[in-house]
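Here the structure is laid out as structure tokens; the discussion comes afterwards.
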Amino acid sequence: MHIVEQIKDNIQVTPFAGLTFRGLQGIEDCPLLLAVFTGSLQADKIVEKISLESIARWYAPSDKFTPSRDILIASVDGSNGEPPIVIGYSRVGWYTSGNDIRLYYQDSFLLEEWRGKGIWQAMVRQNESRLRQIAADHPATTHKFFQGWAADTQLEWISVLESKNYQVVRRFHNMLHHLDKIPERLLPAEFAVRPVQPDHFRKIWETQKDINEGLFEYVAEDWTEEKYQAWRVNPSHTPHLWQVAWYGDQVTGMVLTRINEAENKARYRKRGYTEHIFVRQPWRNRGLASALIARSLTILKAQGIDEAELGVDAENESEAFGLYQRLGYKTESIDTWFRKPMGTAD
């Protein structure tokens, strides 16, 4: 459905009877976003408990994000003169990837009873209009793409993206390892795993940065000095669980093992994370990754954890997906990445 845009008092009107869009007006809108976010995920069978405080934190202003412009709230007219009803919203933004690529993304949520009416397609078109405005201020030489994501249960959202000519570019597997049986893998003799100290943080960070530059999901803005300083003091860190391998004074590989106690309590589970699994190129194919993962799983089990989670690009050139399968991880869900060159017709 094509949108006829009329801009008046920050509201765009569409041919769907009573459908309008506006930006985030302030903190008073956060409960509306929370209700839509929760209802949309429930419709897609996604279990995620989010607080009002989390919504307010996610959508706080920043140097790249203006809530009044980059949150697009969809409303329909209320009945019998009642105020408009908020039925969906989107957030848009952008980041720089490798090879001079800039990606303009949207996250979009819509209540179940308003799906199948062309509203989600109208929201995508509105999102793209805002993203084109953002892109107009960026270098013309940059390769520009629209981007969206979908979990494998978000069938209607996937259908909407495909109807707007978005193409699948990658699939990421969210994998679980149940800790009843942990593989035995010995650390190769030439490497040492040492307790992580604060003066190790810089080298660990720089190693992650170097490896991430070659990944499909690379985000250049995540690797600034400002980001490092925030990462260094991140209260969610559990460096006493990290498994970092050294060859002399060089970081050769790592698994940044993590437990989120608050999340486990809220979801009535005992899950840990084996994240940021890397081995630097000169030391690959020696069994180092397997050994670090096995050490991480053993440590999580000793902490009373029942299962470990990781995410992996199924097309990762290091063949990590196959390694994780051999170590006992199994796919729990799949997230699909969609892209469309900016300028492509619907």
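Are any residues in the range 230-250 under 21 Å from the mean Cα position of the chain (by Cα) and either of a type outside the set (A, V, I, L, M) or not assigned by TED's automatic domain parsing to the domain that holds S296 (or both), and if so, which ones?
W231, R232, N234, P235, S236, H237, T238
Return the total of residues in the range 224-248 being free of Cβ contacts under 8 Å to residues at least 40 places away in the same chain and under 27 Å from S290 (Cβ atoms).
Looking only at that region, the number is 5.
Return a yes/no flag: does the range 292-310 have any residue that is within 30 Å of W120 (Cα to Cα), outside the structural domain of R130 (by TED's automatic domain parsing) and either polar (S, T, N, Q) or touching an Asp or Glu at 6+ places or on another chain (Cβ under 8 Å) (or both).
No; the residues of the range 292-310 include none that is within 30 Å of W120 (Cα to Cα), outside the structural domain of R130 (by TED's automatic domain parsing) and either polar (S, T, N, Q) or touching an Asp or Glu at 6+ places or on another chain (Cβ under 8 Å) (or both).
Do the conditions hold for K181, that is, is it surrounded by 15 or more Cβ atoms within 10 Å (Cβ to Cβ) and either of a type outside the set (D, E, K, R) or in contact (Cβ under 8 Å) with a residue 12 or more places away in the chain (or both)?
So K181 does not fit the description; no.
Does the range 63-83 include one or more residues that are at pLDDT 90 or above, over 17 Å from the mean Cα position of the chain (by Cα) and part of a loop (DSSP other than H, G, I, E, B)?
yes
Of the residues that sit in the range 301-326 and are outside any strand (DSSP E or B) and among the hydrophobic types (A, V, I, L, M, F, W, C), which one is modelled with the lowest pLDDT?
A314
For residues that are among the aromatic types (F, W, Y) and outside any helix (DSSP H, G or I), tally how many sit in the range 50-62.
1
Please count how many residues of the range 294-310 are within 23 Å of R170 (Cα to Cα) and surrounded by fewer than 16 Cβ atoms within 10 Å (Cβ to Cβ).
Total satisfying the criteria: 0.
Looking only at strands (runs of 3 or more DSSP E) that fall completely inside the range 202-293, which ones have 1 or more residues that are acidic (D, E) and either in contact with a helix residue (DSSP H, G or I) (Cβ under 6 Å, 6 or more places away or on another chain) or surrounded by 15 or more Cβ atoms within 10 Å (Cβ to Cβ) (or both)?
271-279
Considering G287, G253, G272, which residue is small (G, A, S) and under 16 Å from V196 (Cα atoms)?
G253
Would it be correct to say that A150 is out of contact with any strand residue (DSSP E or B) (no Cβ under 7 Å at 6 or more places or on another chain) and either under 25 Å from N99 (Cα atoms) or assigned to a loop (DSSP other than H, G, I, E, B) (or both)?
no
From E113, E184, E162, grab the single residue that is among the charged types (D, E, K, R), under 27 Å from Q325 (Cβ atoms), outside any strand (DSSP E or B) and out of contact with any Asp or Glu (no Cβ under 9 Å at 6 or more places or on another chain).
Only one candidate qualifies: E184.
List the number of the failed condition for S159; all other conditions in (1) outside the structural domain of A302 (by TED's automatic domain parsing); (2) in contact (Cβ under 8 Å) with a residue 40 or more places away in the chain hold.
It is condition (2) that S159 fails.
Tell me, yes or no, whether the range 124-133 has at least one residue that is in the same structural domain as F21 (by TED's automatic domain parsing) and among the aliphatic types (A, V, I, L, M).
Yes - at least one qualifying residue is present in the range 124-133.
Tell me which residues, restricted to the range 327-346, are surrounded by fewer than 17 Cβ atoms within 10 Å (Cβ to Cβ) and assigned to a strand (DSSP E or B).
Of everything in the range 327-346, those that are surrounded by fewer than 17 Cβ atoms within 10 Å (Cβ to Cβ) and assigned to a strand (DSSP E or B) turn out to be K330, T331, E332, S333, I334, D335, P341.
The values are calculated or read from the model by the stated rules, or taken from the named source; none is laboratory data. Keep in mind it's a predicted model, so treat the numbers as computed, not measured. Neighbour counts run over all protein chains shown; Cβ positions are idealised from the backbone, glycine included.
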